[in-house]
Amino acid sequence: MSDPQPVYLSDYQPPAYQVTHTELTFDLDPTATRVKARLTVERHASAEQTTPLVLNGEHLTLHALAINGQALAEADYQLTDETLTIPSVPAAFTLESEVEISPSSNTALEGLYQSNGMYCTQCEAEGFRRITYYPDRPDVMATFKVTVIGDAQREPVLLANGNPVDQGTLESGRHFVTWEDPHPKPCYLFALVAGDLTKVEDHFTTMSGRNVTLQLWVEQENLDKTDHAMASLKRAMTWDEETYGREYDLDLFMIVAVNDFNMGAMENKGLNIFNSAAVLTHPNTATDAAFQNVESIVAHEYFHNWSGNRVTCRDWFQLSLKEGFTVFRDQCFSADINSAPVKRIQDVSFFRTAQFAEDAGPTAHPVRPDHYIEITNFYTLTIYEKGAEVVRMLRNLLGWEAFRRGSDLYFERFDGQAVTIEDFVGCMAEVSGIDLSQFMRWYSQAGTPEIDAHGEYDYANAEYHLTLRQRTPATPGQPDKQPLHIPVRMGLVGTKSGQDLTLTLEGEKLGKDAVIHLTDDEQTFIFTDVAEAPVPSLLRDFSAPVKLHFPYSREDLAFLLTHDSDGFNRWDAGQRLALLALDDLIAAHRNGVEKVMDSRVVEAFRTLLTSSMDDKAVLAEMLTLPSEAYIAEQQPIVDVDAIHAAREFVRQSLAQALRDEFIAVYKENGTDEAYAPTPEQIAQRSLKNIALSYLMSIEDDESVALCEAQFAADHNMTDVRHALTLLVHSDRDDLANPALKAFGEKWAHDPLVMDQWFTIQVSRPQPDVLERVKYLMQHPAFSIKNPNKVRALVGAFAQNRVNFHRLDGKGYALLADVVIELNRLNPEIAARLITPLTRWQRFDEARQQLMRAELERIKQEPLSSNVFEVVEKALA
Ligand code: 0A1
Ligand code: ZN
């Protein structure tokens, strides 16, 4: 067998044949579902008459094939494992086919599969080719009419895209429903669901007064977990009308929850399919974070109805066209609904940890890649989150008003079409008159740009000279980088007044907060009329996805922490201050020297805890230390043990020095109100729980008592889970074991809660974790075929830095074993699971050897193209 080969963007050709209308009939059966397709096909005017028709198809058994009603003989077509080719076809014709597929043996969860006995589909990116022979590419758009036939007892509910237009009963206890979707769509947006489901129903009146029926379909036992998703959907529909002028375009909008799903959710036209973890919530089973996650995913999928469905991608290289824009839209929605600064802090904090690591590793790729082997490997943080940062920069460059006009133009001009990133950015350039040609490099250049900044205050002339130098490190296949257009939002904070000073640049007054444009390799900005020595506040609100280096002293940072007018940068100053202290402690740990706590950090925290900061949600973020993963990102070579020890030392030192303050914060923020996922309550709970974390780091009697009481009070999952985590992660098994047991028994029936139970125990720092993972993989609540379980147990273990990176290599070996098994069952999940091993360059020599050895061992297997691509890059 030869190695899988890449596809190149530069090879793109428009389709020679269009399908304008697609009729499908599914006769459902677990092992032998029959799919009849009737396609209306037209040759493109520019295509040669002799161009063969090539359709994609995988894991299909062909039973019949006809053109314009004439059955084809075997000599009339060619079949391979991946294609069906008909060498000679008319200019316009009807193609009929009948194939057989086996949903119950589909463990890859792409195409038509079964989850808990119910049928569902996942067609993005290339799953439709596992359902029928078809030109499976997003620039082929057709109207669909779909008939689903199932057993009336086992599958009383039969759903597909669009509106139901017919239904009836058939012989042998079977029945059918026919659905029609009037909006032409690519086949990746096709969906079908069949099973024994129950619905909750609600209504929404659109801005033009149309009534839309909203349905959320779940298994009976989950009926009490749908309120929040439904409320979120209605908020999202309103927000998209008010913010983007976008109205929903069908009479029915359905969401279905399924237990087995590779990703979070899928925006199929009118029939969104969700991972149950991304839609079901109840105060007793889901945390605040889960509630917020559901709100943003429901919104994300809904927003795709315009950014993705009405206007879709020409090819999969353009994936960020729909994903970057839609993530940006859902981020703004969540910011508007909840706390905007906290949303930004959380998003950036995640981004700088995870996307920066991706950009620095062997799988680094541009927001628009120019080649791939397996497209499912490209549903990445770069395409989604960096793509969103790039759209955010556009919004900031144009201003909201012009950006909105650009968005209107884009939706109007390209409605019903499959387009490119140039089309989107072109609309933005057209409405604003701004030249975005250099800006386009953000889409083609991989890697995280770094800005080295330094500044000097010239007392004599009252000037501040700010020099910015940019460089983007080489990434695989891209050794040389060009300068990018980087918008740097900034202020100069006067050290005497503590206020933002007016910025005057080349005689022009820019106000107190302005964007300067770094477009060359190096530029010096001279600010005049600067009356007092300032500390610069740079990259406010994280105005560009870059690493910024400025030689701030700890005094500068302590100053910005209290005086910066930009909430994001106040938080970031605290993070930088903590990182400097952590750096010293990491060095001390490595050199075997006694660790000493930086009193400036203690005093900064004391100020935070005692000042009456009214935004509790931001305060909770400011009290949160950089994660071990983020600290690791800053180190040239990651020393997992030193990082863990240093961070623990800071936690304990802060807890000891500020114990009374933490207890006061804990007590002030308890509440007996009924649980609600409101911003106010969430803020209180975060603050209370962060205080409890510090207190539990010293494990004195009073702290332990508070923690046990919070666990026992059983008020809501946020508080229970937090307390349980602290008990399980403490050094006291007499606290950990009874709590884990009680929780595990109480929730044995609830798969989503059991996922949390798995994660909590395999994330603890104690050395028994590897054995625990192995033991829990045999637990009745675990299944390697369920992606949520794999993520909760094995994925979470691989994030447990001290245990995964054990020096005996057993953590790596365990991950590799699971990857090898999943490579056969679910290649998409297998390929994602390898990620931590691909980061081997970041570690010491001994660990590098061990990680590489496991990658080599995986490479010996007969690999799926998914795993092949990742391993190949990781070892290159
Ligand atoms: N388009 C979905 C994400 C998604 C992508 C691929 C999937 O299966 C391979 C499933 C979902 C979104 O952005 O939400
Ligand atoms: Zn999406």
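Key figures for this structure:
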read-out: Residue list for the stretch 216-237, filter: surrounded by fewer than 14 Cβ atoms within 10 Å (Cβ to Cβ) and farther than 14 Å from Val279 by Cβ; value: Gln220, Glu221
read-out: Residues being in a loop (DSSP other than H, G, I, E, B) and of a type in the set (A, V, I, L, M) - total across the stretch 488-508; value: 1
read-out: Selection status of Val342, touching a residue at least 40 places away in the same chain (Cβ under 8 Å) and either more than 16 Å from ligand 2 (Cβ to nearest atom) or assigned to a strand (DSSP E or B) (or both); value: yes
read-out: Residue in the stretch 375-391 that is touching a helix residue (DSSP H, G or I) at 6+ places or on another chain (Cβ under 9 Å), outside the structural domain of Gln848 (by the TED database), more than 14 Å from ligand 1 (Cβ to nearest atom) and over 17 Å from Pro545 (Cβ atoms) present; value: no
read-out: Glu323 being free of Cβ contacts under 8 Å to residues at least 60 places away in the same chain and either in contact with a helix residue (DSSP H, G or I) (Cβ under 8 Å, 6 or more places away or on another chain) or within 15 Å of ligand 1 (Cβ to nearest atom) (or both); value: no
read-out: Residues (surrounded by 23 or more Cβ atoms within 10 Å (Cβ to Cβ) and within 16 Å of ligand 2 (Cβ to nearest atom)) located in the stretch 247-265; value: Ile255, Phe261, Ala265
read-out: Meets criteria (in contact (Cβ under 8 Å) with a residue 24 or more places away in the chain, crowded, with 16+ Cβ neighbours inside 10 Å and in a loop (DSSP other than H, G, I, E, B)) for Pro483; value: yes
read-out: Boolean, Leu192 is closer than 21 Å to Leu252 by Cβ, crowded, with 22+ Cβ neighbours inside 10 Å and in contact with a Ser or Thr (Cβ under 6 Å, 6 or more places away or on another chain); value: yes
read-out: Qualifying residue in the stretch 606-617 (condition: in contact (Cβ under 8 Å) with a residue 60 or more places away in the chain, among the small types (Gly, Ala, Ser) and either in contact with a helix residue (DSSP H, G or I) (Cβ under 6 Å, 6 or more places away or on another chain) or assigned by the TED database to the domain that holds Glu456 (or both)); value: yes
read-out: Given (1) away from ligand 1 (no atom under 16 Å from the Cβ); (2) more than 14 Å from the chain's Cα centre (by Cα); (3) within 22 Å of Val258 (Cα to Cα), index of the condition His304 fails; value: (1)
read-out: Any hit, the stretch 461-484, residues being farther than 21 Å from Asp564 by Cα, out of contact with any Asp or Glu (no Cβ under 8 Å at 6 or more places or on another chain) and among the β-branched types (Val, Ile, Thr); value: no
read-out: Test set (1) part of a helix (DSSP H, G or I); (2) in contact with a Ser or Thr (Cβ under 6 Å, 6 or more places away or on another chain); (3) more than 21 Å from Lys343 (Cβ to Cβ) - Thr562 fails condition number; value: (2)
read-out: Residue tally, condition in contact with a helix residue (DSSP H, G or I) (Cβ under 8 Å, 6 or more places away or on another chain), polar (S, T, N, Q) and in a loop (DSSP other than H, G, I, E, B), over the stretch 515-559; value: 1
read-out: Residues that are under 23 Å from His729 (Cβ atoms) and surrounded by fewer than 23 Cβ atoms within 10 Å (Cβ to Cβ), drawn from the stretch 806-844; value: Arg806, Leu807, Asp808, Lys810, Leu814, Pro836
read-out: Qualifying positions in the stretch 278-314 - of a type in the set (Gly, Ala, Ser), within 16 Å of ligand 2 (Cβ to nearest atom) and in a helix (DSSP H, G or I); value: Ala278, Ser296, Ala299
read-out: Selection within the stretch 117-174 - of a type in the set (A, V, I, L, M, F, W, C), in a strand (DSSP E or B) and crowded, with 20+ Cβ neighbours inside 10 Å; value: Met118, Cys120, Ala142, Phe144, Val146, Val148, Ile149, Leu158, Leu159, Ala160
read-out: Ala229 more than 16 Å from ligand 2 (Cβ to nearest atom), under 16 Å from the mean Cα position of the chain (by Cα) and at pLDDT 95 or above; value: no
read-out: Lone unmet requirement of (1) farther than 22 Å from Leu109 by Cα; (2) touching a Lys or Arg at 6+ places or on another chain (Cβ under 8 Å); (3) of a type outside the set (Ser, Thr, Tyr); (4) not in a helix (DSSP H, G or I) for Arg806; value: (2)
read-out: Criterion (outside the structural domain of Tyr113 (by the TED database), under 18 Å from the mean Cα position of the chain (by Cα) and over 25 Å from His365 (Cα atoms)) met by exactly one of Ala257, Ala277, Ala265; value: Ala277
read-out: Where a residue in the stretch 147-176 is among the hydroxyl-bearing types (Ser, Thr, Tyr) and its partner, wherever it lies, is not in a strand (DSSP E or B), with Cβ under 8 Å and at least six apart; value: Thr169/Ala152
read-out: Scan of the stretch 200-258 for residues that are within 28 Å of Asn788 (Cβ to Cβ) and in contact with an Asp or Glu (Cβ under 6 Å, 6 or more places away or on another chain), ordered by number; value: Leu214, Gln215, Met230, Ser232
read-out: Criterion: under 28 Å from Ala573 (Cβ atoms) and outside any loop (DSSP other than H, G, I, E, B) - qualifying residue of Phe253, Phe351, Phe317; value: Phe351
read-out: Sole exception among (1) under 13 Å from Phe190 (Cα atoms); (2) in contact with a Pro (Cβ under 7 Å, 6 or more places away or on another chain) for Ser104, by number; value: (1)
read-out: Flag for Asn259 being within 16 Å of ligand 1 (Cβ to nearest atom), touching a Leu at 6+ places or on another chain (Cβ under 8 Å), more than 22 Å from Ala231 (Cβ to Cβ) and touching a residue at least 12 places away in the same chain (Cβ under 8 Å); value: no
read-out: Breaking point among (1) away from ligand 1 (no atom under 16 Å from the Cβ); (2) surrounded by fewer than 22 Cβ atoms within 10 Å (Cβ to Cβ); (3) of a type outside the set (Val, Ile, Thr), for Arg310; value: (1)
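Here is a yes/no grid of residues against (1) surrounded by 13 or more Cβ atoms within 10 Å (Cβ to Cβ); (2) among the aliphatic types (A, V, I, L, M); (3) closer than 30 Å to Gly117 by Cβ:
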{"residue": "Ala47", "(1), (2), (3)": "yes, yes, no"}
{"residue": "Pro52", "(1), (2), (3)": "yes, no, no"}
{"residue": "Gly57", "(1), (2), (3)": "yes, no, yes"}
{"residue": "Gln70", "(1), (2), (3)": "no, no, no"}
{"residue": "Leu95", "(1), (2), (3)": "yes, yes, no"}
{"residue": "Glu100", "(1), (2), (3)": "yes, no, yes"}
{"residue": "Ser105", "(1), (2), (3)": "no, no, yes"}
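So that you can scan it fast, the table gives a plain yes or no per residue for (1) within 16 Å of ligand 1 (Cβ to nearest atom); (2) under 29 Å from Ala73 (Cβ atoms); (3) over 29 Å from the mean Cα position of the chain (by Cα):
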residue: Glu110; (1), (2), (3): yes, no, no
residue: Gln114; (1), (2), (3): no, no, no
residue: Gly127; (1), (2), (3): yes, no, no
residue: Ile131; (1), (2), (3): yes, yes, no
residue: Val157; (1), (2), (3): no, no, yes
residue: Gly162; (1), (2), (3): no, no, no
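The values are calculated or read from the model by the stated rules, or taken from the named source; none is laboratory data. Computed from a prediction, not measured in an experiment: that's the story for all the values here. Quick reminder, even Gly has a Cβ in these numbers, built from the backbone with ideal geometry, and neighbours come from all protein chains shown.
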